[in-house]
Ligand SMILES: Cc1cc2nc3c(=O)[nH]c(=O)nc-3n(C[C@H](O)[C@H](O)[C@H](O)COP(=O)(O)O)c2cc1C
């Protein structure tokens, strides 16, 4: 049964362009895969563990190949549970606003927490080896204005996808959401059409 992990990272909810287009994508994808399942991770409405103390020590113990203490093992369980939601997915869909050329800090928090050795990737002296190969990533990226300087939004998620072993990535961009209601509406409509077309292929 196809399974999609939807990661929502805009706090704007009803007004959000990335969520509006992602919703159109999900509806079209579900219409095509009637027995599919969707798991939603809303980074603004979930407890994201701080990455310090026992959980940080558990990470380094894993990297060093040292036995974790009971406290570290317990702290690591929440990381494993979160990682399982990525591992189970056939498609990982990111709906992501551009914030200061990059991604919202809550999404970065999720990525920092979940991107762990022996869960999403391994590494040794030969380099990184992603463990999520065979999955697909879809990025629905909203921006207020046309790109003028740096682009650390899609570029960052592409690097992350490659790190975890995913080389099949599709991007849909909604630009100019801050350039007036007409331009915003037109950008959303164009992106929704692209998202629905993409869903028909996945
Ligand atoms: C904190 C913050 C930083 C932003 N930084 C940028 C930016 O660097 N470039 C840009 O084009 N738009 C920027 N914007 C505008 C958003 O990208 C735009 O409103 C977009 O539609 C947000 O996606 P959403 O509608 O899904 O929330 C920023 C908005 C916020 C709240």
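The values are calculated or read from the model by the stated rules, or taken from the named source; none is laboratory data. All figures in this text were calculated on a predicted structure; none of them were measured in a lab. Reconstructed Cβ throughout: ideal geometry from the backbone, glycine too, with neighbour counts over all protein chains shown.
Tabulated values for the structure
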item	result
Residue match in region 153-161 (condition: touching a helix residue (DSSP H, G or I) at 6+ places or on another chain (Cβ under 9 Å) and within 16 Å of the ligand (Cβ to nearest atom))	yes
Subset of region 92-134 [farther than 18 Å from residue 166 by Cα and modelled with pLDDT under 95]	124, 125, 126
Residues that are surrounded by 15 or more Cβ atoms within 10 Å (Cβ to Cβ) and in contact with a strand residue (DSSP E or B) (Cβ under 9 Å, 6 or more places away or on another chain), drawn from region 25-38	25, 26, 29, 30, 33, 36, 38
Subset of region 17-60 (residues that are within 16 Å of the ligand (Cβ to nearest atom), in contact with a helix residue (DSSP H, G or I) (Cβ under 9 Å, 6 or more places away or on another chain) and part of a loop (DSSP other than H, G, I, E, B))	43, 44
Qualifying residues in region 63-103 (those that are in contact with a strand residue (DSSP E or B) (Cβ under 6 Å, 6 or more places away or on another chain) and within 16 Å of the ligand (Cβ to nearest atom)) - the one farthest from residue 149 (Cα to Cα)	93
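To keep it simple, each residue is scored yes or no on (1) free of Cβ contacts under 8 Å to residues at least 60 places away in the same chain; (2) part of a loop (DSSP other than H, G, I, E, B).
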| site | (1), (2) |
| --- | --- |
| 148 | yes, yes |
| 170 | yes, no |
| 178 | yes, yes |
| 191 | no, no |
| 194 | yes, no |
| 201 | yes, yes |
